[in-house]
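Written below as C-alpha cells is the structure these notes are about.
Taken together, the values in this text are just the output of simple stated rules run on the coordinates, not laboratory data. All values reported here derive from a predicted model rather than from experimental measurement. FYI the Cβ positions are ideal-geometry reconstructions off the backbone, even for glycines, and counts take in every protein chain you see.
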Amino acid sequence: MEKSELVVELGVEEIPASMLEDAARQLGEFLVESLKAQRLPVGEVERLYTPRRIIAAIRDIPVRQDDLVESIVGPPKSVAYDAAGVPTRAALAFAQKNGVHASQLKIVQTPKGEYLSIERKVRGEKTHKILETLLPSVIGKIQFPKTMHWSADNFRFVRPLRWIVALFGGARVRFKIADIASSHFTVGHRFLGKPRIVVSSFDSLKQKLRENSVLVDPQERLARISSELEREALACGGRLLDDPELLKTVVNLNEMPSVIRGSFEQRFLSLPQEILITVMREHQKYFSVLNDKQELLPVFLAVVNLQSDAKGNIRTGHERVLRARLADAAFFWDTDRKIPLGNRESSLKNVLFQEKLGSYYDKTQRLLALLPKVAPVLGRPDLLADLESAACLCKCDLITEMVKEFTDLQGVVGGLYARAEGYPEPVWRAIYEQYCPKSSNAPSPVRWIT
C-alpha cells in the first residue's frame, strides 16, 4: 500500500516553558489516536518544539483508508420469507434500502435467532480528505492549564496561533482554525530569520528553519546550552552549579540559544549564598558558578536567544538588571533584620492559611500543641525548648520583604534570619529545612539529631 508523510507545525506566540513539552506530546498522541480511529495505521510520530512552534511528523501513513466490509443485519427470517420461501415486502424493502438484489440476501445466525444480512463493501476515503477535518479536531483537543481566545469562533489555546503548516505527501491540507488558514509557509527566528519560508516536507522544514536560526530539536538545544555553560564556567576558573530544572526551562525559552558570561560586584557576596542564587535563578534565569571551595563566584551565565553577543551589549544589559535585583535583595536583608523574627509572630494573625483552618498564627498554635508529644517519641525531651522556638518562628518569614519579593525563599530566609540572630543550630536548621524535600529529586533535611 502506498504511504506518505504528514507534517503539522503550529506557529504560536511564545508558549510558557512549563507547558511546551506536554503540548507537543498531546499533539502527537492525539494525531496517532485519531488516525487509527479512521482505519489509518501509522508509524512512529516525531515531536519537536520551540517556544514559538509545536511540530509533529508521521512518515508512514497510507494515502487511503482500507476498504471496509460491513455486515448489515435486517429483519428476522420469519418475517422475511413466506411459507413458500418467497421474499416478503420486508425482505424486498431491506434489499432496496441497501442497494442490492434480493438474491444477495443471506441468512445469519444471531443470539436472537436467524436474521437477514448483507455484506457491503465501503471503499476507503483518501487520507488527504480525512485530514481536512481530522487536523482541526486534533488541534482543538490540546489542553493547557490556562487558555485564551482571540477570534470570532472562540477557539481557545494557550497563546494566539500565528501560522499553521499542514502537509500530506508534500501537498497542503486545507482547513482554517482561529482565523488562520493552513499553508506550506513557516516562519524563522523572530529576529534572525525570514518571516515567510516555503517548506515541502519534514526534512525541508527542519533544514530551512536551521538556515533561519531555529533549532527545532530540544535535545540539540540542550546539548548546545550544556556545552557552552561548562565552557564558560571553566573559563572563569569555576564549575557550574547543577540545576536540571533551570536547564530544562532555558531549553524551552530559546530557539537559537547561546551562553553569555557576566559579572556582579564583589560586595554582594556578603549576602547569603542562597539569596544570591535564588535572585539570579528565579527572576533572571541565570546559572551560578562555584569555586573549588563551593563558594559562589561573582559571575553569572545567561542563555540568550541569539547566536552571539559580539559587542557585549546584551551582557551589559543583563549586568545592569542583575545589579538592581541584588541591590533590592541587600536592602531587604538589612531591612528585615531590623525586626526580630519573634516580633513578627502576632502579625501572622493577618495571614490566611486556609478558610476553615484560620490563619498562620492558628497553624503555629496547633503545631505548638503537638510538640510535647513529639519530643518524647524522639527520645529527646531536652529538645522540646528548641522545637517550640522553631515552631514559633517557622512561618514568620512569610511577612518579610524578602519572601514577598522572592517567594521561593520561604523557610530558607527564616532559617537564615534565625541564624543571624544567634539561635542554636537545631532551631534555625528546623526553620531552614521545613519544606524539604521540595520534590522527589531534591535533598532531604540534614540529620542533626544523634
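I want to verify the translational diffusion coefficient of region 383-450 in µm²/s; compute it with Stokes-Einstein, Rh as the Kirkwood radius over Cα pairs, at 10 °C and 1.306 mPa s. Please report the intermediate quantities before stating the final value.
Working: Rh = 12.2 Å.
In µm²/s, the coefficient is 130.
Provide Rg over Rh for region 102-234; use the alpha carbon set for both Rg and the Kirkwood Rh (inverse mean inverse pair distance).
1.24
Straight-line reach from Lys248: which aspartates and glutamates have Cα under 19 Å away, leaving out those fewer than 8 places along the same chain?
In chain and number order, the partners are Glu14, Glu21, Asp22, Asp217, Glu220, Glu228, Glu230, Glu232, Glu282, Asp408.
Going 7 Å from the Cα of Lys106 along its beta-carbon direction, which residues of region 52-80 have the amide nitrogen within less than 13 Å of the resulting point?
Within reach of a label on Lys106: 69-74.
Rg to Rh ratio, the chain, alpha-carbon atoms and Kirkwood radius?
So for the chain, dividing Rg by the Kirkwood Rh gives 1.18.
Could you list which residues have their amide H under 5 Å from that of Glu114, counting only those 5 or more apart in sequence or on another chain, with H placed in the peptide plane?
Lys77
From the C-alpha gyration tensor of region 341-432, pull out the three semi-axes of the equivalent ellipsoid (sqrt of 5λ each), sorted largest to smallest, in whole Å.
That gives 22, 18, 10 Å for the three semi-axes.
GNM, the chain, Cα, under 10 Å: largest mean-square fluctuation among Pro76, Pro41, Pro136?
Evaluated over the chain, the most mobile residue of the options is Pro76.
Hey, what number do you get for the chain at 222 nm if only DSSP H runs of n ≥ 4 count, each worth -39500 (n - 2.57), divided across all residues, to the nearest 500?
-11500 deg cm²/dmol
Suppose the Debye formula is applied to equal point scatterers at every Cα of region 157-299; what is log10 I(q)/I(0) at q = 0.14, 0.19, 0.20 Å⁻¹?
One equal scatterer on each Cα of region 157-299 leads to -0.78, -1.10, -1.18.
For region 1-149, what log10 I(q)/I(0) values come out of the Debye formula at q = 0.09, 0.17 1/Å, with one point per alpha carbon and no solvent?
Normalising to I(0) and taking log10 leaves -0.50, -0.91.
Check Thr88: other-chain or 5+ apart residues with amide H under 5 Å from its amide H, H built from backbone geometry?
Close amide H contacts, sequence-distant or interchain: Tyr81, Asp82.
Going toward the positive end of the dipole of the chain, with +1 on Lys and Arg Cβ and -1 on Asp and Glu Cβ, which of Ala418, Phe144, Val199 do you reach last?
Among Ala418, Phe144, Val199, the one farthest towards the positive end of the dipole of the chain is Val199.
Tell me which of Val100, Ala390, Leu368 sits at the most positive position along the dipole axis of the chain, charges placed on C-beta atoms (Lys, Arg +1; Asp, Glu -1).
The residue sitting farthest along the positive end of the dipole is Val100.
If the elastic network links every pair of Cα atoms under 10 Å, which of Glu282, Glu13, Glu70 fluctuates the most in the Gaussian network model of the chain?
Top of the fluctuation ranking is Glu70.
For region 59-197, with only Lys/Arg (+1) and Asp/Glu (-1) charged at the beta-carbon, what is the dipole magnitude about the Cα centre, in debye rounded to 20? Please report the intermediate quantities before stating the final value.
Numbers: 23 positive and 11 negative charges, 173 e Å.
Computed about the Cα centre, the dipole is about 820 debye.
Rg(Cα) of region 218-332 divided by 2.2 N^0.38 Å?
Normalised Cα radius of gyration, region 218-332: 1.01.
If the limit is 28 Å between Cα atoms, which of Lys36/Lys77; Lys141/Lys206; Lys285/Lys349 go over it?
Numbers: Lys36/Lys77 36 Å; Lys141/Lys206 25 Å; Lys285/Lys349 34 Å.
Table pairs above 28 Å Cα-Cα are Lys36/Lys77; Lys285/Lys349.
Work from the charge dipole of the chain (Cβ charges, +1 for Lys and Arg, -1 for Asp and Glu, about the Cα centre) and give the residue of Gln434, Gln38, Trp333 farthest towards its positive end.
Gln38
What percent does the relative contact order of region 341-432 come to when contacts are Cα pairs within less than 8 Å and at least six residues apart?
Across region 341-432, relative contact order equals 27 percent.
Under 1.5 on a/c is rounded, so check that first for region 61-132, then, if it is not, pick prolate when a/b is larger than b/c and oblate when it is not; a ≥ b ≥ c are the square roots of the alpha carbon gyration tensor eigenvalues.
Cα axes put region 61-132 in the prolate bin.
Calculate the all-directions average of the projected area of region 282-398's alpha-carbon convex hull, and give it in nm².
Taking the Cα atoms of region 282-398, their convex hull projects to 12.7 nm² on average.
Under 22 Å between alpha carbons, and skipping anything fewer than 8 positions from Lys208 in its own chain: which lysines qualify?
Here the lysines satisfying the reach criterion relative to Lys208 are Lys194.
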